[in-house]
1. Hey, can you tell me all the residues within segment 225-234 that are within 8 Å of the ligand (Cβ to nearest atom) and either out of contact with any strand residue (DSSP E or B) (no Cβ under 9 Å at 6 or more places or on another chain) or in a loop (DSSP other than H, G, I, E, B) (or both)?
2. Of all the strands (runs of 3 or more DSSP E) wholly in segment 122-184, which have at least 2 residues that are touching a helix residue (DSSP H, G or I) at 6+ places or on another chain (Cβ under 8 Å)?
3. When you go through (1) assigned by TED's automatic domain parsing to the domain that holds residue 178; (2) closer than 29 Å to residue 64 by Cα one by one for residue 129, which number turns out not to apply?
4. With the checklist (1) out of contact with any helix residue (DSSP H, G or I) (no Cβ under 8 Å at 6 or more places or on another chain); (2) farther than 30 Å from residue 239 by Cα; (3) crowded, with 20+ Cβ neighbours inside 10 Å in hand, flag the one item residue 65 doesn't pass.
5. Hey, residue 204 hits all of (1) surrounded by 13 or more Cβ atoms within 10 Å (Cβ to Cβ); (2) more than 14 Å from the ligand (Cβ to nearest atom); (3) at pLDDT 95 or above but one; which does it fall short on?
6. Going by the structure shown, is residue 189 part of a strand (DSSP E or B) and either at negative phi or within 6 Å of the ligand (Cβ to nearest atom) (or both)?
7. Just one of 145, 93, 104 is in contact with a strand residue (DSSP E or B) (Cβ under 6 Å, 6 or more places away or on another chain) and surrounded by fewer than 21 Cβ atoms within 10 Å (Cβ to Cβ); which is it?
8. Just the residues that are under 12 Å from residue 107 (Cα atoms) and touching a strand residue (DSSP E or B) at 6+ places or on another chain (Cβ under 6 Å), please, taken from segment 190-215.
Ligand SMILES: C[S@@+](CC[C@H](N)C(=O)[O-])C[C@H]1O[C@@H](n2cnc3c(N)ncnc32)[C@H](O)[C@@H]1O
């Protein structure tokens, strides 16, 4: 690929809603393993990147030639320190508002998550645990570069849906994760549940709570009021 064209693609990726920016080797590796169409990859140090890929992802074949850029161009492209010397861009897949009910596993529904790092961490654990998908109610974009970085690119491994204003009707039992619910180990959780998790500070809205067929809590030691959003998601994904 022509170097100037590749750099231009990477530069415009922040503003272009049709693409996904992949920051670091982990995001690039997972994106490629799970079928991303990567159109440009840049690094300030091709040898180091090749060593990292050989070590962390010997199975991964890069679909395009890596562009090696000078330090100024790299700084300009990344804007902040990256975890490892790789920046790539991929086509953003078309994802439906919700995965179809026949997709096996639990669906994670996040209501107005505030922190893209939490959102990415939920995607990561949901993908690892074989969830049916992650759906976001609200403005947070599961494909935002910060969420993709925290999700280690695993947005490509499951339907990462969302930015719906209201959760559509779902043919799955809606179960609220709520620190005031019934104990999870007693109440249980259906394998095809849509698990509802609330916003970091305020928890689930009354509207979404009213739609749930049950409320379950992850037991906590007295005095502890709640778990971090992504931690709570991890517990129920493996429950
Ligand atoms: C940081 S918590 C919000 C805390 C909020 N003050 C509340 O009372 O729900 C974010 C979300 O994680 C889930 N969560 C956290 N800890 C939980 C627990 N021990 N049991 C069930 N859900 C929990 C809930 O869905 C909650 O809405």
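1. Kept after step one, since they are within 8 Å of the ligand (Cβ to nearest atom), are these residues of segment 225-234: 225-229, 231-233.
Those that are within 8 Å of the ligand (Cβ to nearest atom) and either out of contact with any strand residue (DSSP E or B) (no Cβ under 9 Å at 6 or more places or on another chain) or in a loop (DSSP other than H, G, I, E, B) (or both): 225, 226, 227, 228, 231.
2. In segment 122-184, the matching strands (runs of 3 or more DSSP E) lie at 133-137, 174-183.
3. Condition not satisfied by residue 129: (2).
4. All conditions are met except number (3).
5. Status for residue 204: all satisfied but (2).
6. Details: part of a strand (DSSP E or B): no; either at negative phi or within 6 Å of the ligand (Cβ to nearest atom) (or both): yes.
No.
7. 145
8. Selection gives 193, 194, 195, 196, 197.
The values are calculated or read from the model by the stated rules, or taken from the named source; none is laboratory data. Keep in mind the model is a prediction, meaning the values are calculated, not measured. Positions of Cβ are backbone-derived with ideal geometry, glycine not excepted, and every protein chain shown enters the neighbour counts.
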